[in-house]
Amino acid sequence: MSDAAINTSHWQAIDRAHHLHPFSDTKALAQEGCRVITRADDIYIWDSDGNRLLDGMAGLWCVNIGYGRKELADAAHRQLLELPYYNNFFKTSAPSAIELAGLLAQVTAPHLNHVFFTNSGSEANDTMFRLVRRYWDLAGKPDKEVFISREHAYHGSTIAAASLGGMKPMHEQGHLPIPGIRHIAPPYWYRDGGDMSPEEFGTACARRLEEEINALGADRVAAFIGEPIQSAGGLIVPPETYWPEIQRICSEHDVLLVVDEVICGFGRLGTWFGSDYYNLQPDLMPIAKGLSSGYLPIGGVMVADRVADLFIAEGEQFAHGFTYSGHPAACAVAIANIGIMRDENIVENVRDNTGPYLEQRWNELAQHPLVGETRGVGFLRGLELVKNKREREFFDPVGSAGQICRDICFDNGLVMRAIRDTMAISPPLTMTREQVDELIELVCNCLDLTAKAL
Ligand SMILES: *Cc1c(COP(=O)(O)O)cnc(C)c1O
């Protein structure tokens, strides 16, 4: 055996014996062994056998500026030597958290001027959940406590975040959702639109929020939460009519709007935030992933003036926080990350150059016999595999084709994610036009191989 093969089987054996994995089929993992990723550069990753893969998912939707940026490693190194840890509890603070808070107020909308730091998107959503309920307490309307979310939504894996999410398999584990959360249907036109035009369907889906609010009574509804584009839920791109109607309904019924920007934030749609793309005014905005491009764990909740001002006016002592809220090294890395995104015009480049090019090339894939629909915005794209294109006939069981395609991709130099039968990409925003061509070639090849395997 080669050295690489010996290393791989050594790691797989320890992994099998001692490591419980998130969202993994334990039986398959035990049989096949895990794939060990050992290094990365630019938009590529390498496994322990030396195979190079184009990482079409930027890790887990997070390595927005690409792998191998020394500036981020240097920022962490410098910070760890100067002040490796201090917290923000009990009226203390540290320079990198302070500076990052100021920077976030600059890159987000003018009415978002405060941030509460967390270590992840899940913690951001659990924090948001408590902030919202506390806000309505302070506003003298404690009965406004129900959250409305959407089926298929993903908002994280902690208790409140998983409950806000709309994934049935997650709810089945752990007696979720917790009380006070309702789910409505998402604007998934390709599956559910029937004979309606996308515009009619978008409005109809948004009106379900109003029906739910009216059924509960607006005096009981705290907030609506949604991702600008439902990413892990299946690349569900709302029709143009959807968000304006949701925004109107939230304003009219005095329901807070929570826009989960954990994936759509930090340039993914060719705008700084998905809210900018859809012209939304969120009251709370959970962020994570692209905030540090995944180099260190950090998340947060952007809080609108309406909410923050009440907390401050009431002299509120919000009884919530994490030991590592605003961790100095994570903040230093996030500052360096945002600095690079600004200096290199990464967001503008996705909007004006590589994004439109990816869109054009991606949409060519719609000609493939397996592809029912291509959809997406900027550097967030999906294609839905179908059994019969003309009849819009889906695979049964749902997800069977997606899994096969996903494994074929991995064996052929491409990371592309399967969500049921939708294949998703969310590549580093630094991907060049030449690399877009390389990606499309890999996708075509893998679709052909999938068609053969099915
Ligand atoms: C990934 C994700 C989360 C959870 O973030 P973690 O850092 O994994 O806890 C929340 N919301 C959305 C939209 C996500 O994609």
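The values are calculated or read from the model by the stated rules, or taken from the named source; none is laboratory data. All values derive from a computational prediction rather than experimental measurement. Here the Cβ is made from the backbone with ideal geometry for all residues, glycine too, and neighbour counts use every protein chain on show.
Brief remarks on what is shown
- Counting the residues of the range 2-27 that are closer than 30 Å to MET167 by Cβ and either β-branched (Val, Ile, Thr) or loosely packed, with under 11 Cβ neighbours inside 10 Å (or both) gives 8.
- All conditions in (1) over 21 Å from ARG35 (Cα atoms); (2) at pLDDT 95 or above hold for ARG392, with the sole exception of (2).
- Residue in the range 126-141 that is in a loop (DSSP other than H, G, I, E, B) and either within 16 Å of the ligand (Cβ to nearest atom) or surrounded by 17 or more Cβ atoms within 10 Å (Cβ to Cβ) (or both) present: no
- Unmet requirement for ARG52, which otherwise passes all of (1) surrounded by 15 or more Cβ atoms within 10 Å (Cβ to Cβ); (2) within 30 Å of GLU434 (Cβ to Cβ); (3) in contact with a Gly (Cβ under 8 Å, 6 or more places away or on another chain): (1)
- Contacts under 7 angstrom Cβ, first residue in the range 52-68 being more than 15 Å from VAL350 (Cβ to Cβ), partner in a strand (DSSP E or B) and within 12 Å of the ligand (Cβ to nearest atom), 6 or more apart: MET57/ARG417
- Of residues in the range 162-184 being surrounded by 15 or more Cβ atoms within 10 Å (Cβ to Cβ), out of contact with any strand residue (DSSP E or B) (no Cβ under 6 Å at 6 or more places or on another chain) and among the small types (Gly, Ala, Ser), the one farthest from ASP260 (Cα to Cα): ALA162
- Scanning the range 217-233 for residues that are closer than 22 Å to GLN281 by Cβ, surrounded by fewer than 20 Cβ atoms within 10 Å (Cβ to Cβ) and touching a strand residue (DSSP E or B) at 6+ places or on another chain (Cβ under 7 Å) yields a total of 0.
- Filtered by the rule that a residue be in contact (Cβ under 8 Å) with a residue 40 or more places away in the chain and either part of a helix (DSSP H, G or I) or farther than 27 Å from PRO187 by Cα (or both), the range 142-152 gives a lone residue, ASP143.
Table: residues versus (1) away from the ligand (no atom under 16 Å from the Cβ); (2) under 16 Å from the mean Cα position of the chain (by Cα); (3) modelled with pLDDT under 95; (4) under 25 Å from ASN119 (Cβ atoms).
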residue	(1), (2), (3), (4)
SER149	no, yes, no, yes
ALA153	no, yes, no, yes
ILE159	no, no, no, yes
LEU164	no, yes, no, yes
LYS168	yes, no, yes, no
ILE178	yes, no, no, yes
ALA185	yes, no, no, no
ASP192	yes, no, no, no
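- In the range 404-417, the residues that are free of Cβ contacts under 8 Å to residues at least 24 places away in the same chain and buried (at least 16 other Cβ atoms within 10 Å of the Cβ): ARG406, ASP407
- Qualifying residue in the range 282-303 (condition: over 19 Å from the mean Cα position of the chain (by Cα) and either buried (at least 21 other Cβ atoms within 10 Å of the Cβ) or at pLDDT 95 or above (or both)): no
- Boolean, TYR242 is surrounded by fewer than 21 Cβ atoms within 10 Å (Cβ to Cβ) and among the aromatic types (Phe, Trp, Tyr): no
- Members of the range 254-290 that are away from the ligand (no atom under 12 Å from the Cβ), of a type in the set (D, E, K, R) and either in contact with a strand residue (DSSP E or B) (Cβ under 8 Å, 6 or more places away or on another chain) or closer than 12 Å to GLY226 by Cα (or both): ASP283
- Residue match in the range 384-396 (condition: surrounded by 18 or more Cβ atoms within 10 Å (Cβ to Cβ) and closer than 18 Å to ALA232 by Cβ): yes
- Matching residues in the range 58-79 - criterion: being assigned to a loop (DSSP other than H, G, I, E, B) and either surrounded by fewer than 19 Cβ atoms within 10 Å (Cβ to Cβ) or away from the ligand (no atom under 16 Å from the Cβ) (or both): ILE65, GLY66, GLY68, ARG69
- Odd one out for HIS155 among (1) touching a residue at least 24 places away in the same chain (Cβ under 8 Å); (2) in a helix (DSSP H, G or I): (2)
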